[in-house]
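Rule-based calculations on the coordinates, nothing more; no lab input. Not measured: the values here are computed from a predicted model. Note: ideal-geometry Cβ built from the backbone for every residue, glycine included; neighbour counts use all protein chains shown.
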Amino acid sequence: MIATSGDEAFVMLALFPEEAVFLFAVLFILGIIGARIADKAASIFKIVPCQECTLQKIHKEECRCFAPEELKKFPKLSLPRYALLSFLFSLLVGIGMGIVGPQTWNWQRITLLSLLLITAFIVATVPEHYLKEHMWEHIVKKHLWQVFLWTFFSLLFISFGLQYWDLEGFIRANMILILLICALVGLIPESGPHMIFVMMFASGLIPFSILLTSSIVQDGHGMLPLFSYTIKDSVLIKLFNLLFAIVIGLPLFLLGM
């Protein structure tokens, strides 16, 4: 869970792509190291995981991810497929004409167009069950508005804080406290609260070490399925991530990173 970034990964790639890629690489390495340490700790303290994880939810429908025959149903496609394809087509036209996103042809614009083309291909060819259950119901109806709201209110909080309250002065005078707060906020099994620290980093209010600390502890929605099976293992993982984040983040902060 250390290597996960949650929904904020897309926001970080949009706001500070170079630092985001570096953060993901660091999290990947720390995830491997943390996993090794966690296995050793479980062996030393005789912790037996997965004792309660005996259930598995299986979809009755065949859940394939590639069904090009779906395109043969045109123009009798479902409403979610029409809506998603129309939205993606509008974005592709807007980005291609320079109306949306970068105005010049740089790597960001090319990457964005490439990802949108891949997304459009997936939306056009996945089976109806996969489209409705996994993409429409889960990603669009559940995650999309959450990312938007957390981003909006994080920006609003920082904007008002900088304008009407000495937010920058408070943060710079209490960096250690902010580091501990971000680590504790990461315990929430929801990626949204992490957005405030992403925006603070993007605004230059906090250093990389605090963003890294927050990213190590928080795991997006990755912990929620485990919580439904075993609360004990979930709590142990969260506590390990919290300790690991402070052990890594605090020395880096003291070193000025």
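Going highest first, how would you order 199-207, 82-90 by mean Cβ packing within 10 Å? If you can, show how the numbers build up before the last one.
Numbers: 199-207: 19.6, 82-90: 14.4.
My ranking of the peptides, most packed first, is 199-207, 82-90.
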Notebook entry, point to check: Whose amide H sits under 5 Å from the amide H of I2, counting only residues 5 or more places off or on another chain, with H placed in the peptide plane?
Noted result: none
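Assuming 0.36 nm per residue, please report the length gained on full extension of the stretch I33 to I118 beyond their Cα-Cα distance. Before the final figure, lay out each step's value.
Working: separation 85, 0.36 × 85 = 30.60 nm, distance 3.28 nm.
So the chain would gain 27.3 nm between I33 and I118.
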Item checked: Inter-probe distance in nm under a simple model that places probes 7 Å from Cα toward Cβ, at V235 and K142 -> 2.5 nm
Checklist line | Distance in nm between pseudo-label sites at E128 and I47 (7 Å out along the Cβ direction from Cα) | finding: 4.6 nm
Note to self: So if I restrict to the alpha-carbon atoms in the range 83-126, what is the Rg, and what is Dmax, the biggest pairwise distance, in Å?
What the structure shows: 10.5, 33
Margin query: Starting from the 7 Å offset along Cα-to-Cβ, what nm value, one decimal, do you get for the label separation of Q103 and E18?
Written below: 2.1 nm
